[in-house]
Structures are given as C-alpha cells and as structure tokens.
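In what follows, a structure is listed as structure tokens, so that the remarks can point back to it.
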Amino acid sequence: MSAARFVLGSTLIAATLAARLADASTTGDELVRQAREHEAAHEEDVAVARYMDALGLEPQHEEAWLGLGALRLRMGEPREAERVYDAALRRVPTLARALCGRARARWAEGRRGEAEADLEAYTRDATDTDALRELAGWYGADGRTPAQLAAWRRLLATAADEASAHEARRMVRALVILVDAADPVASPPTRDPTRRGLAAIARRGG
C-alpha cells in the first residue's frame, strides 16, 4: 500500500469515527430531551429509561447523569441518586454539579457530615450562590453557627445586587450576635483599637 493510500484510508476511518461520535451525541441529547418531557408528564419510569438509554450511547453525557440523579432524588430514592452521582463522578471527574447533587442525596439520607463536606467542596470552587445559601442553612440546622456565619459573609462579599446584599448583611448581623465570643473578629480578646474597629465593622455586617 502506498503512503498516499494509507493516509487517505486513515483519514476516512477518522472521519467515520468522528461522524459516529457526533451521531451518538445527537442521539443522547434527543434522549435527554425525551426524558425531560416524560418527567414533566410525571412518567418517571419512562424518563429513567430514556436517561439510561442516553448513557448507554454516551457514558459521559453530563446532562443525562445530572438529570437521572435529580430524578431519583425527586422520586424519594436518595440512595439510588447517590449511586448515580458516584458513577457520574467516576465517569466525568470534572462534573462539579454531580458533587452538589450527591451532597443533596446524602443530606436526604441523613448523612449530614458527608453532605456538608460535598457541598463545601463544591462551593469552594463554584460561584453558585444558591448552593452556598443552602450550605449555610445546613450549618444552621446542625447548630454550626460559626460556619453559618462564614458562609453568609461569603454571600455578602459576592452579592450580585442590593437585595442579596441586604439579606446577607442582615444575616451576618444576627449571626454575629449568636456567635458572640466564638467569633474572634466580632469579639476580640483584647481592647486593641484595631480589633475594636474590626469588631464594629463585623457587627454592622461587614
């Protein structure tokens, strides 16, 4: 076989493979679309089957993993949802939203420490204020007021509008009062003027 014919044959094979991958992706997208339609129609079993079909064609289809996990959670099956998100993270380690979903599944199972650890990892790198607000609520439910205060301070620092800033400022003020001496910024152990100034800023929600 001549070099030219070899190159031409290799190019044709590569083009065929690329076309097949594109077809699989398109079909996976279509199956996810159908799954969502069946979810909206409350046909959960059919929706699960469509998501599974999409993953059978394209094992790294992110929206299929996320949709299936969220559906399992809405169906009241947090353990199954956790398995889905675990599998998603093995297949697509960069899929941060699966970490968020697994956190919610674990919280629903009552495994609060593991749930908080997952959501902490997710919010550390993501700019998802809804997830950070949810994490602050979890801290409050667990009586972890200093951690809750730290979360709300982050929300205040990243507030996108005045309404969000007002809510975060109000929560920070309330939580500073609750934390009191446990918060070294708001209640410094000395009468140093700088620390007194920082305390005053903290009490105003800074």
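FYI, it's all coordinate maths here, none of it is from the lab. Treat the numbers as computed from the prediction; the structure is a model and nothing was measured. Positions of Cβ are backbone-derived with ideal geometry, glycine not excepted, and every protein chain shown enters the neighbour counts.
Averaged over all directions, how much area does the convex hull of the C-alpha atoms of region 80-181 cover when projected, in nm²?
Answer in nm², one decimal: 6.7.
Quick one: D118, D86, fewest Cβ neighbours within 10 Å first, how do they rank?
Lowest count first: D86, D118.
Can you give the extra length, in nm with one decimal, that the chain gains between D142 and Q60 once fully stretched, where that is 0.36 nm per residue apart less the Cα-Cα distance?
26.0 nm
Please turn the phi angles of region 49-54 into ³J(HN,Hα) values with the Karplus equation 6.51 cos²θ - 1.76 cosθ + 1.60 (θ = phi - 60°), one per residue in order, whole Hz, x for glycine and proline.
Along region 49-54, the couplings run 4, 5, 4, 5, 4, 4 Hz.
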